[in-house]
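Enquirer: Just dropping this structure here.
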Amino acid sequence: MSWGTELWDQFDNLEKHTQWGIEFVERYNKFVKDRTEIEISYAKQLRNLSKKYQPKKNSREEEEQRYTSCQAFLAILNEINDYAGQHEVIAENMSGLIFAELSRYIQELKQERKLHFQEGRRAQQHIESCWKQLENSKRRFERDCKEAERAQQHFEKMDNDLNVTKADVEKARQQAHTRHHMASESKTEYSNVLQNFNKEQHEHYYTNIPNIFQRIQDLDERRIVKIGESMKTFSEVDRQVIPIIGKCLDEITKAAESIDEKHDTQLVIEAFKSGFEQPGDVEFEDFSQPMKRTVSESSLSNSRSDGKQESKGGKSKGKLWPFIKKNKGSGPEDFSNLPPEQRRKKLQQKIDEINKEIQKESDQKDGLMKMKDAYIKNPQLGRPETVDPKLAEIEQTIEKLRQESQKFEAWLAEVEGRLPVRTDQPRRPSEMHELQSTAVNNCAQDRESSPDGSYTEEQNQDPELKVAAQCEFDDEFDDEEVLAAIGTCKAMYPFEGQNEGTIAMAEGETLSVIEEDKGDGWTRVRRNEDEEGYVPTSYVEVYLDRNTKGAMTYI
C-alpha cells in the first residue's frame, strides 16, 4: 500500500491528515504533561499529609510513641513519604522520557512535513505550468488553422471573381500560403508541447508525486510508531516503581502486624501505676459504746498514717486522695507529690538525664586533655595553660552533676525501700548532706498522702512508733560485714583529709582499696584494718586484683 499510487490525486487531503497527526501528538503530549503535574501534586500532598501527622517534638504525641500502635502509625507515615517519592519518580520520568522527547520530535516532524509538502507544491506548480503551455499551444494551433482556412477561402473567392485584378488575386494567394505555413508551424509546436507535457505528466504522477507521498507516508508512519512507543513508555514508567510501591505496602502491612495489644496494655500499667495497695475493708465503728475508734490499717483512708485518723467535729474524715485531682503546676524537686511507682520512674528518668550530661561533659574534658597533651608535645600549636580554665570549669560542672545525681539516687533508694548506709561508716564527701537528709526522712518522718496526691509529714505521730522505727533502723546496720580489700593504691600526692568521711595520706603511702571509684571522683581505702575513708581518685595509682573483678590496673 502506497500513498503515491493509491492517493496520487489526494494531495490536499494528505496535507490535512498529516497536520491532524501532528496535532494529535501534541494533544497526547499535553496529556502526559497534565499527568506529570498530577503526580507532582499528589506526591506533594502525600508528603504534606505525612508531615502533618508526624509527632511533634517535646509534646505528648512524642511520648505516645512507646505504644506499638503509635509506632506502627509512624512507620506508615514514613512509608507514605517513600510512596510519595515514587510518584515523584513517575513525574520525573514522564517529563524526561516522554514529554521532553515528544516536544523535540514534534518540532522535527513539523519541519520535515513542511519540506515534503513544499516539494509537492513545486511539482504541482510545474505540471500546471506544463498544462498551461500545452493549452496555449493548442489554442494557437487552432487559431492558425482557422486563419489559414479563411485565407484559402478568400483566395478561392478572389480567383473566381472576373472583376478582380490579377494583382489582388496574387496577394490573396500569398496571404493564404502564409496562413497555411503558420498553421503548419503551430501544429508542429503543439505536437512538441503535447509530447513534452505527456512526458512531464507521466513523470509527475508515476515518479515525483509517488516519491513525495512515500516520504510523507513514512513520516506519518514514524509518527504513529513514535506515539506507540511513548504510550508503552507511559506504562513502563509506572511499572518500574510498582516493586518499590509494593515494598512500601508490605512495610505498612508489617507495621500493622507488629501492633501488640498486650505490650501496649503493659505500658499503660507502667505509665499510670501508683504503687499503692488496694484499700482494705473499713471496720465498723460502734458509737454506742465509749471505746477508741480506729480504722483499718490497710484501708485507703489511712494507708500512710500507721493507724492514725483525723477527726473534725467528732466525725472521721477519710482521705480518698487517689480519686481527687492533683494540683497543677510544677511539683517538688523530689517528686514527692507523685505516687511511689510514678515517683520512682521520674527519679530514674532524672538520673538518666544527669548521667548523659556527665558523659557529655566527660567527653568534652577528654578532648581538652588531648588538646593539652598536644600543646605540651608541640608548643608551637598553642600554650597548654590556656586549656586549664576550661578544664577547671568542666570539673566543677561534673562535680555539681554528680552531687545532683547522688541526691536523686538517695531519693530513689528511699522510694525503692533501700535504707541508707550506716551513719558511723565513712561517707563519700559528695554524699554526706543527702544521706543525712535521707536517714532523717526515712526514720524520723512518716508521710501520709494528702488530697492533692503529695506526701505530707504527720505532725501527731505516736512517739513510740518513732522509737521503734529508729531502733529498727539501727539494728539494720549492726550486722554489717567488713568490706574485703579488692586491691591496693599508692598515693602520688599528699592529702590532708579534713572533711568528714575522708582519710589523710602521705605521698608514696600504700593503702588497701575496698571500694572502687563509682564515677564521683572518690575511692574508698583502708589503713591498718581499723582506719578507712575516702581519698581523691586522681591523687592515687590504683592496682585492682585480677581475681576480684577481672579488672586491669588503671591510673
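Enquirer: Please indicate, with yes or no, whether at least one residue in the range 46-60 is open to solvent by less than 50 Å² (accessible area, probe 1.4 Å) and within 18 Å of Gln240 (Cβ to Cβ).
Expert: The answer is no; no qualifying residue exists.
Enquirer: When you go through Thr18, Thr5, Thr68 one by one, which is the residue that is polar (S, T, N, Q), touching a residue at least 40 places away in the same chain (Cβ under 8 Å) and open to solvent by 60 Å² or more (accessible area, probe 1.4 Å)?
Expert: Thr5
Enquirer: With the checklist (1) surrounded by 15 or more Cβ atoms within 10 Å (Cβ to Cβ); (2) assigned to a helix (DSSP H, G or I); (3) at pLDDT below 95 in hand, flag the one item Ile40 doesn't pass.
Expert: (3)
Enquirer: If you scan the range 97-109, which residues turn out to be touching a helix residue (DSSP H, G or I) at 6+ places or on another chain (Cβ under 6 Å), over 23 Å from Asp238 (Cβ atoms) and open to solvent by 60 Å² or more (accessible area, probe 1.4 Å)?
Expert: Scanning the range 97-109 gives no hits.
Enquirer: Which one of Leu102, Leu77 is in contact (Cβ under 8 Å) with a residue 12 or more places away in the chain and over 19 Å from the mean Cα position of the chain (by Cα)?
Expert: Leu102
Enquirer: To continue, here is another question. Considering Lys232, Lys138, Lys171, which residue is assigned to a helix (DSSP H, G or I), of a type in the set (Lys, Arg) and closer than 30 Å to Glu101 by Cβ?
Expert: Lys232
Enquirer: Here is a further query. Can you pull out every residue in the range 43-67 that is polar (S, T, N, Q) and in a helix (DSSP H, G or I)?
Expert: Answer for the range 43-67, where residues must be polar (S, T, N, Q) and in a helix (DSSP H, G or I): Gln45, Asn48, Ser50, Gln65.
The values are calculated or read from the model by the stated rules, or taken from the named source; none is laboratory data. Note that this is a predicted model, so its numbers are computed, not measured. With ideal geometry, Cβ positions are generated from the backbone for all residues, glycine too; neighbour counts draw on all protein chains shown. Just the protein is used for accessible areas: all its heavy atoms, side chains included, with ligands, DNA and RNA removed. Shrake-Rupley method; radii C 1.70, N 1.55, O 1.52, S 1.80 Å.
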